[in-house]
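Down below is the structure, laid out as structure tokens.
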Amino acid sequence: MSTHDHRAREPLKIGAIFMFRGPIAELGIDSFDGAEAARDLVNAEGGVHGRAVEWVRGDGYTPDEAAREAERMIRQEGVKVILGCYGSNHSIEVSEVCERLGAVLWVQTAWTADLFAHRPRYTFRTNTFATPVETCAVDYVLDVLAPRLGKERSALATAVIHESSAYGISCAAETVKVLDARGVPIVLRGAYEGAYDGTGVDFAAVVGKMKAAKPDVLFASSFIRDAVGILRAMRAQRYRPPAIMTSSAGFGLYTLNAAGAATEGVLSANAPALIHPGALNDTGRALQREYVTRLKARTGREPSGFNAMSFVAAYSLLANVLTKVENAGDVDEIRSAAVALDIPLGTYPNGDGLKLDAGGQNERCPPCIDQWQSGALRTVWPEDKAIATVKDIPLPYLADERTRGSR
């Protein structure tokens, strides 16, 4: 048997670093579920050059642990390609390890605008990120919400709050940059140290400052526990601003339902999850059916922006990049195949395409606006992708409210 024939029978091992435990494990696991649906589909279609794909899993529950797992799987298990890592800080740390040890990092969720600040050669990101997302969020507020609130942009009072990881800092900075450029007043800026789990955060005080500032629109970037903590504190104080625009993460997953009725009507600038099939080409519609079917069979849940991004990342890596290389261990060959991709918008289930810029960022992953309606996140913009229409702006009273509080 030749070396090539023997290799063709061996599984192709790809690293997969996600948060499988810790305070935001739900986000990591939900993301991994999308990647697993893609792996399942690729293997059902014959694998990569006849090789079944297997994950070498790493639990990157902290940025340091993610980096250690990357080094372990590269040095000890011979992994040359890693998919991950959900978190922004985590992805930056793993990218630096991959650059040092000569491996590819295929990023599927990190939101920070600073991922490529160290100018990596072998890091690529398929998902949208803070700069386009926050621009989309602000412009949607100005074009769609402000008229519903009866406000001109120069009179629209906004508040910007965020947790203090690379994700929150980057989202808030991009939001402020766009608000300033559009001439929109900011009446409150606030940051809190949430340690990913909201430990030690006085959410009543956070909401109290917000209530005193009287914003028309709140822009918030939070993970799971702090997103729920903020909404519960609003409920306790019988207060919500007229509109809440958030930046995915904790406001973009089913876990937000733990906040109860306070979730209803919250908007999220996001990566699309389940969009109208009319926005997809034939390949995209077929992939959407496979994605939804395989995801539900695995989890019993509806698609989310996170597992959609992960499905796109994993499928593009396995089916569109690695099938184009002769040697899946040659990082320069992988890089050449990646930068040569020219996949149109509408080809992947969430409406994305894939064309990498000179730094490694996908240029064909436009964000969307979702809204929490009846306990589920529904895409409401852009119109060609929407499965619902925006409603309840200004936000309605909560069930147990007599007054929305000081406005």
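Which whole-angstrom value gives the distance between the alpha carbon centres of the stretch 354-389 and the stretch 102-168? Cα centroid to Cα centroid, the span is 12 Å. Placing dummy labels 7 Å off each Cα toward the beta-carbon, the span from K355 to A258 is 4.2 nm. Shown for F311, F116: other C-beta atoms within 10 Å of each C-beta, ranked fewest to most, produce the order F116, F311. Using only Cα positions of the chain, each an equal point scatterer, no hydration layer, compute I(q)/I(0) via Debye at q = 0.10, 0.14 Å⁻¹ and quote the log10 values to two decimals. The computed values of log10 I(q)/I(0) come out as -0.63, -1.18. Taking the Cα centre of the chain as the origin and placing charges on Cβ (Lys, Arg +1; Asp, Glu -1), which of T379, A66, I244 is farthest toward the positive end of the dipole? My answer, from the dipole projection, is I244. Under the convention that each Lys and Arg Cβ holds +1 and each Asp and Glu Cβ holds -1, the size of the dipole of the chain around its Cα centre is about 960 debye. Using the Cβ-Cβ distance between I343 and I387 with R0 set to 25 Å, the FRET efficiency from 1/(1 + (r/R0)^6) comes to roughly 0.60. Seen against the Cα atoms of the chain and their longest principal axis, helix 88-101 is set at about 20 degrees. Using the Stokes-Einstein relation with a Kirkwood hydrodynamic radius computed over Cα pairs, the translational diffusion coefficient of the stretch 286-356 at 37 °C and a viscosity of 0.692 mPa s comes to 252 µm²/s. Applying a DSSP loop filter and a limit of 10 other Cβ atoms within 10 Å to the chymotrypsin sites (Phe, Trp or Tyr not before Pro) in the stretch 29-113 leaves nothing. Mind scanning K151/K391; K296/K324; K211/K385; K324/K355 and naming the pairs with a C-alpha gap bigger than 26 Å? From K151/K391; K296/K324; K211/K385; K324/K355, over 26 Å: K296/K324; K211/K385. Grab every C-alpha pair in the stretch 48-203, bin the distances at 10 angstrom width from 0 up to the longest one, and report whole percents. P(r) over the stretch 48-203, rounded to whole percents: 10, 32, 27, 19, 10, 3, 0.
Taking Cα centre as origin and charging only the Cβ of basic (Lys, Arg, +1) and acidic (Asp, Glu, -1) residues, the dipole magnitude of the stretch 1-149 rounds to 520 debye.
Charge tally around I186: other residues with Cβ under 15 Å, Lys/Arg +1 each, Asp/Glu -1 each, net +3.
Sequentially through the stretch 290-298, phi angles give Karplus couplings (6.51, -1.76, 1.60; θ = phi - 60°) of 5, 4, 5, 4, 6, 5, 5, 5, 7 Hz, Gly and Pro residues having no value and appearing as x. Let's test the formula: R0 of 51 Å, r as the Cβ-Cβ distance of E77 and N281. What FRET efficiency results, to the nearest 0.05? My answer for the efficiency is 0.85.
With a cut-off of 14 Å between beta carbons, the residues surrounding K209 carry a summed charge of +2, where Lys and Arg count +1 and Asp and Glu -1. Cα convex hull, the stretch 194-242: 67 Å³ per residue, rounded to a whole number. The gain in end-to-end length when the E363 to R57 segment is fully stretched comes to 107.3 nm, 0.36 nm per residue minus the alpha carbon separation.
Determine, for I334, I343, the number of other Cβ atoms within 10 Å of each Cβ, and report the residues in order from fewest to most. Don't skip to the answer; put the middle values down first.
On the way: I334 24, I343 16.
If I rank by nearby Cβ atoms, fewest first, I get I343, I334.
Here the residues H118, H90, H49, ranked from fewest to most Cβ neighbours within 10 Å of their Cβ, fall in the order H118, H49, H90. Across the alpha-carbon set of the stretch 17-111, the Rg to Rh ratio works out to 0.97, Rh being the Kirkwood radius. For D282, neighbours were defined as the other residues whose beta-carbon sits under 15 Å from its Cβ, and their charges (Lys and Arg +1, Asp and Glu -1) total +1.
Backbone geometry of the stretch 235-241 corresponds, through the Karplus equation with coefficients 6.51, -1.76 and 1.60 at θ = phi - 60°, to 3J(HN,Hα) couplings of 4, 5, 8, 6, 8, 8, x Hz, x marking Gly and Pro. Here the 3J(HN,Hα) profile of the stretch 202-215, calculated from phi with Karplus coefficients 6.51, -1.76 and 1.60 at θ = phi - 60°, is 8, 5, 4, 5, 4, 6, x, 5, 5, 4, 5, 6, 6, x Hz, Gly and Pro shown as x.
Residue separation of E193 and A181 scaled by 0.36 nm, minus their Cα-Cα distance, works out to 1.6 nm of gained length.
The tail of the calculated P(r) for the stretch 49-98, taken as Cα-Cα distances beyond 13 Å, holds 51 percent of the pairs.
Scanning residues 5 or more positions from S248 or on other chains, those with amide H under 5 Å from its amide H are A269, with H placed 1.01 Å from N in the peptide plane. Each of G265, V138, G305 was scored by the projection of its Cα onto the charge dipole of the chain, and the greatest displacement toward the positive side belongs to G265; charges sit on the C-beta of Lys, Arg, Asp and Glu. An oblate overall shape is assigned to the stretch 114-253, the ratio a/c of its alpha-carbon gyration tensor axes (a ≥ b ≥ c) being 1.5 or greater and a/b not exceeding b/c. Computed over the stretch 277-407, the P(r) tail beyond 18 angstrom holds 63 percent of alpha carbon pairs. At an R0 of 56 angstrom, the distance between the Cβ atoms of N327 and K209 translates into a FRET efficiency of 0.50. Around the amide H of G58, modelled in the peptide plane, lie the amide H atoms of A16, I17, F18, all under 5 Å away and 5 or more residues distant in sequence or on another chain.
Evaluating kT/(6 pi eta Rh) at 10 °C and 1.306 mPa s, with the Kirkwood radius of the stretch 302-341 over Cα pairs in the Stokes-Einstein relation, gives 147 µm² s⁻¹.
Taken together, the values in this text are just the output of simple stated rules run on the coordinates, not laboratory data. Source: prediction; values computed, not measured. Glycine gets a Cβ as well: all are built from the backbone with ideal geometry, and neighbour counts include every protein chain shown.
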